[in-house]
Each structure stands twice: as structure tokens, then as C-alpha cells.
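Trainee: Pasting a structure here, questions to come.
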Amino acid sequence: MDIELILMQLFSGVALGAILVITALGLSIIFGMLGVVNFAHGALFMVGAYAGLWVASLTGSFWWGLLVAPIMTGVFGMLIEFVLIRPLYGRSIDDPLLLTFGLSYVLVEAVRMIFGSDGIPFPTPSQLTGVVDLGVGFFPLYRLFVIGVVLAVLLLLWLGLEKTRFGLIVRAGARDPTIMRVLGVDISKVWLLVFGLGVGLAALGGVLAGPMRSVSPEMGSLVLAEAFVVTVIGGLGSLLGSVVAGLLVGIAISMTALFAPEMATIVMFALMAIVLLIRPQGLFGKFA
């Protein structure tokens, strides 16, 4: 097989992995900091894609959609946390799980009623159309842009969590929220912002994925499964694990699609099973 084709498929896997990374990061942040298994994450990914398409249609600019949609959806996520999830803190982990599971169906049906069931094309911005010569072949410019955006977001997220006072509070609150309350920190506000951040990351993934696929009410279903697989492989609550596992799963899906297309859908589950057999807590997770 042509080595150039293999390398191009590898780059495609990295681009797919970048979308999985940014989506799984939001899921991992919410679980790691709040202990909430957010089953509405895929639906919020979809809401972000529709919000980006709507803003881009109103303004005539993809860039406004990319900027505004994650913020809009993140604020919506904060409203969800404040009204629906906050009363469930301290109860069984199953309660917010079941609530968000039901919420995902509500969001999908609401979008279907507003925008219809058919997929809607999300045009690629004119500045990012075309291909780039990487020396081993030509690769779509937009996919390189997606990889660049995800790298920039990862850097900003790392700086925010590691180098700021808010990041210190978030990390300390994840370890022992009771002590943070004793020290006078309003941990409920921290959790509100963290949930909004996680939802905003999911929405950003949705906007970035829009031009790579049509926007439809069901687009979040597979992404939710992929994000959970990435989170489990990387280790629940591990941000580094989400990054490594997201790229690993993206490359695995892309390369399998090249050599055995019929196996592309299930390869991530096989990979998850192998990792869990060898390391039950995930690649970067810790034993409870």
C-alpha cells in the first residue's frame, strides 16, 4: 500500500482525535471536578454545532459562530447545573446520570422540532478551503486548522488550571470541597463555572466538527459513545488521559477504516476492552 496514503490517513486520524480530545476533555472535567456523569454531553455537542451554524448564518461569518456558540452553550450549561443538577449533589451518582440521560432526549427532540430531522450542511469558511502540501501528500486545510485550535485550547486550559488562582481552587475543590468551604470559598460557584466550561468545550467540538460532517439532531449520539470510550481509556477524571486516549482512538478508527472499514465502528470498543483488561483504572487513572 502507498506510504503517502497511510500517512494521510494518519493525519486524518489526528484530526478526528482532536475533535474527540476537546469533547472528552469537557466530559472528563465535569466528572473529575463534580463527580457528575453527564449523559447529555453528546446532546450539548450537537446543540453547540446548531448554535454555531445559527450564529454563522445570522452574521455571515463562521468565525463569529466559532467564538459565540461555545459561550452561549456554556452559559446554557451553567443554567442546567444551577437548576437541575445542583439539587442532586450529595445523592447517589445515579441521580444526575439519569437526569442528564433524560435531558439528552429532551434536547434532541427540541432541536428536531426547531430545525427538522434532516442534516444541514455547515459550510467551511472560504479562508480554510483547499489543501496543503505536507511533503508526503495533500491534506485539507480545515483539518489542520482544527488540530491547531485544539492545541491552542489545550494550552490555554493547562495555563488556566496550573498557573491561576482559579485553577488552584478548582484542583483543590476537586480533592476536598469541604476544606475549601471551611476556607471561605464558595465551591458552588466554582462547580457552576466548571460545568459551564465542560459544556463549552463540548460545544466547541460541535462547531469544529460541523464543516467535517452535516449538522443533525443525532450527531451527538456517536460522539457521546466515543467521548466515554476516550474518558475510560484515559482514566476517569484525567485530563492528560483524555488527550492521549482521544488521539489514540482517532488514529485507531482512521487506520482501521483504511485497512478494514467494516471494523472501524467497533475498534474503539476493542481498544477500551484491551486497556481495561491490562489497566482497569485507565492509562492515567488512579485506583479508588
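The values are calculated or read from the model by the stated rules, or taken from the named source; none is laboratory data. Note that the structure is predicted; figures quoted are calculated from it, not measured. Cβ atoms come from the backbone with ideal geometry, glycine included; neighbour counts cover every protein chain shown.
Trainee: Give all pairs with beta carbons closer than 9 Å in which a residue from segment 156-167 that is over 12 Å from Leu193 (Cβ atoms) meets a residue that is at pLDDT 90 or above and surrounded by 14 or more Cβ atoms within 10 Å (Cβ to Cβ); count only pairs at least 6 apart in sequence or on separate chains.
Mentor: From residues that are over 12 Å from Leu193 (Cβ atoms), the pairs are Leu157/Leu25; Leu157/Leu197; Leu157/Leu201.
Trainee: Another question, if that's okay. Checking the conditions here, which among Leu240, Leu276, Leu208 is farther than 30 Å from Ala51 by Cα and in contact (Cβ under 8 Å) with a residue 40 or more places away in the chain?
Mentor: On the way: Leu240 fails: farther than 30 Å from Ala51 by Cα; Leu208 fails: farther than 30 Å from Ala51 by Cα.
Being farther than 30 Å from Ala51 by Cα and in contact (Cβ under 8 Å) with a residue 40 or more places away in the chain holds for just one of Leu240, Leu276, Leu208, which is Leu276.
Trainee: Right, something else. Would it be correct to say that Arg143 is under 20 Å from Gly205 (Cβ atoms) and either in a helix (DSSP H, G or I) or touching a residue at least 40 places away in the same chain (Cβ under 8 Å) (or both)?
Mentor: It is true that Arg143 is under 20 Å from Gly205 (Cβ atoms) and either in a helix (DSSP H, G or I) or touching a residue at least 40 places away in the same chain (Cβ under 8 Å) (or both).
Trainee: Any idea which of Val199, Val229, Val207, Val182 is surrounded by fewer than 24 Cβ atoms within 10 Å (Cβ to Cβ) and touching a helix residue (DSSP H, G or I) at 6+ places or on another chain (Cβ under 6 Å)? Spell out the reasoning first.
Mentor: Details: Val199 fails: surrounded by fewer than 24 Cβ atoms within 10 Å (Cβ to Cβ); Val207 fails: surrounded by fewer than 24 Cβ atoms within 10 Å (Cβ to Cβ); Val182 fails: touching a helix residue (DSSP H, G or I) at 6+ places or on another chain (Cβ under 6 Å).
Selected residue: Val229, the only one of Val199, Val229, Val207, Val182 that is surrounded by fewer than 24 Cβ atoms within 10 Å (Cβ to Cβ) and touching a helix residue (DSSP H, G or I) at 6+ places or on another chain (Cβ under 6 Å).
Trainee: Only one of (1) assigned to a helix (DSSP H, G or I); (2) over 30 Å from Gln127 (Cβ atoms); (3) touching a Gly at 6+ places or on another chain (Cβ under 9 Å) is not met by Leu159, so which one is it?
Mentor: It is condition (2) that Leu159 fails.
Trainee: Can you report the number of residues in segment 78-92 which are more than 18 Å from Val199 (Cβ to Cβ) and among the hydroxyl-bearing types (Ser, Thr, Tyr)?
Mentor: The number of residues fulfilling the criteria is 1.
Trainee: Of all residues in segment 1-50, which are free of Cβ contacts under 8 Å to residues at least 40 places away in the same chain and under 30 Å from Val190 (Cβ atoms)?
Mentor: None - no residue of segment 1-50 is free of Cβ contacts under 8 Å to residues at least 40 places away in the same chain and under 30 Å from Val190 (Cβ atoms), so the list stays empty.
Trainee: Turning to a different aspect of this structure: Just one of (1) in contact with a Lys or Arg (Cβ under 9 Å, 6 or more places away or on another chain); (2) among the aliphatic types (A, V, I, L, M); (3) over 21 Å from Leu66 (Cβ atoms) trips up Val194, so point out which.
Mentor: With respect to (1) in contact with a Lys or Arg (Cβ under 9 Å, 6 or more places away or on another chain); (2) among the aliphatic types (A, V, I, L, M); (3) over 21 Å from Leu66 (Cβ atoms), Val194 is out only on (1).
Trainee: List pairs: first in segment 112-133 and part of a helix (DSSP H, G or I) and at pLDDT 90 or above, second surrounded by 12 or more Cβ atoms within 10 Å (Cβ to Cβ) and basic (Lys, Arg), Cβ under 7 Å, 6+ apart or cross-chain?
Mentor: Here the result reads none, with nothing in segment 112-133 linked to a residue that is surrounded by 12 or more Cβ atoms within 10 Å (Cβ to Cβ) and basic (Lys, Arg).
Trainee: So which pairs qualify, if the first residue must be in segment 247-262 and touching a residue at least 60 places away in the same chain (Cβ under 8 Å), the second must be assigned to a loop (DSSP other than H, G, I, E, B), the Cβ gap must be under 7 Å, and the two must be at least 6 apart or on different chains?
Mentor: What qualifies is Ile253/Ala264; Ala257/Ala264.
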